[in-house]
Amino acid sequence: MDTVTLAAFPQAVALPPEPVWRLTLDQYQAMVRSQILTEADALEFLDGFLIPKMIKNPPHRISTQLLRQVLEAWIPEGYYVDSQEPITLATSEPEPDGAVIQGKTTDYRDRHPGGAEVLLVVEVADATLARDRGLKQRLYSAAGIPHYWILNLVDRQLECYSNPQPGAAGGTYGDYAVVGEGEAIVFPWEPDGERQEATDKTRPVVGDLL
C-alpha cells in the first residue's frame, strides 16, 4: 500500500455557465417530503445542486454488492452497514455505495444519519471517478467523516482517504493511500496489532471487490 499526503486532486466545484437556483438542505428535504422529488427522478443532492445519478452497469452493481458483503463480515461492534441510502450533511444528502454507521438501523427512524455518525463512506467509481475524487471528497471531509474510500473500477484499486481537514479550502483529506488489486484490505477500525497481519490469507484483497 502506497501512502502519500494528499494535495493533488482538485477541490473546487465548477458552477454552470448559466444562472441556477441553489437549494438549501431544508428546501430539498421539503421537496422530498411533498414528493416533488421522488426516487424515480434519480437525482442526488450535492452541495446545493440536484445532480443526475449515473446509470449502474453490471460491474458497478456487482462491486457494490461485494463491498457490502465484505464490510458486513468485518464491521466493528456497535455499527451497521448501509448501501446507497442518504446521509445528511450541511448542504448535501449523498447516497454513498457503502457506509459504516454508528448504532443500529432503527436509531434513525425519524432522520438520516449525519456525518458525525458515519465512520466510513465508500463510493464505487467508474464514470463518476472525477466527481468522487473531487466534489464527494470535499463534502465528506468537510463533514468530518474520518475515512473515505473510492473503489476505483477504472484503475482496479482502492483509494483510501483519512485525516479530514474541514477548514482547508472547503474541506480535504490530509492522508491518501492506494491499495492495489492484489493487496490486502486493512480496515481503519482495526487495532494496530491486527493491522500488522494484513497478509493473512483469510483477509480480503481489493480484487475480491472487483
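Taking a temperature of 4 °C and a viscosity of 1.567 mPa s, what whole-number D in µm²/s does Stokes-Einstein yield for the stretch 78-210 with Rh from Kirkwood over alpha carbon pairs?
Estimated diffusion coefficient is 85 µm²/s.
Across the stretch 67-78, in residue order, what do the Karplus-derived ³J(HN,Hα) couplings come to in whole Hz, using 6.51 cos²θ - 1.76 cosθ + 1.60 with θ = phi - 60° and x for Gly and Pro?
Karplus-based 3J(HN,Hα) across the stretch 67-78 equals 4, 4, 4, 5, 4, 5, 6, 10, 5, x, 5, x Hz.
Please identify the GluC sites (Glu not before Pro) of the stretch 67-149 that satisfy two criteria: DSSP loop assignment and at most 16 other Cβ atoms within 10 Å. Which are they?
Qualifying residues, ordered by number: 77.
What shape does the stretch 132-191 take by its C-alpha gyration tensor, where a ≥ b ≥ c are the square roots of the eigenvalues and a/c under 1.5 counts as rounded, a/b above b/c as prolate, and the rest as oblate?
oblate
Enumerate the amide H contacts of residue 44 below 5 Å, restricted to partners 5 or more residues apart or on another chain; note that Pro and chain-start residues carry no placed amide H.
Those lying under 5 Å, H to H, from residue 44 are 51, 53.
Extension gain residue 43-residue 26, at 0.36 nm per residue separation less the Cα-Cα distance, in nm?
Residue separation times 0.36 nm, minus the Cα-Cα distance, leaves 4.5 nm.
Based on Cβ point charges of +1 for Lys and Arg and -1 for Asp and Glu, what charge dipole magnitude is obtained for the stretch 92-164 about its Cα centre, in debye rounded to the nearest 20?
So the magnitude is around 120 debye.
Show me the three semi-axes of the equivalent ellipsoid for the stretch 6-163, from the C-alpha gyration tensor (sqrt of 5 times each eigenvalue), largest first, rounded to whole Å.
With the √(5λ) rule applied to the stretch 6-163, the semi-axes are 23, 20, 16 Å.
For the stretch 45-62 and the stretch 153-183, what is the centre-to-centre distance using only Cα atoms, to the nearest Å?
Each part reduced to its Cα centre gives a spacing of 20 Å.
Work out how much length residue 154 to residue 104 would gain on full extension: take 0.36 nm times their residue separation and subtract the Cα-Cα distance, in nm to one decimal.
Contour length minus the Cα-Cα distance gives 14.7 nm.
How long is the gain from residue 85 to residue 208 if the chain were fully straight, where each residue apart is worth 0.36 nm and the alpha carbon distance is subtracted?
42.0 nm
Find, among the chymotrypsin sites (Phe, Trp or Tyr not before Pro) in the stretch 16-83, those assigned to loop by DSSP (not H, G, I, E, B) with at most 13 other beta-carbon atoms within 10 angstrom.
21
What shape does the stretch 35-111 take by its C-alpha gyration tensor, where a ≥ b ≥ c are the square roots of the eigenvalues and a/c under 1.5 counts as rounded, a/b above b/c as prolate, and the rest as oblate?
oblate
Only the coordinates and a few stated rules stand behind these numbers; no lab work does. Remember, it's a predicted structure, so these values are computed and weren't measured experimentally. Note that each Cβ is placed from the backbone with ideal geometry, even for glycine, and that neighbours are counted across all protein chains shown.
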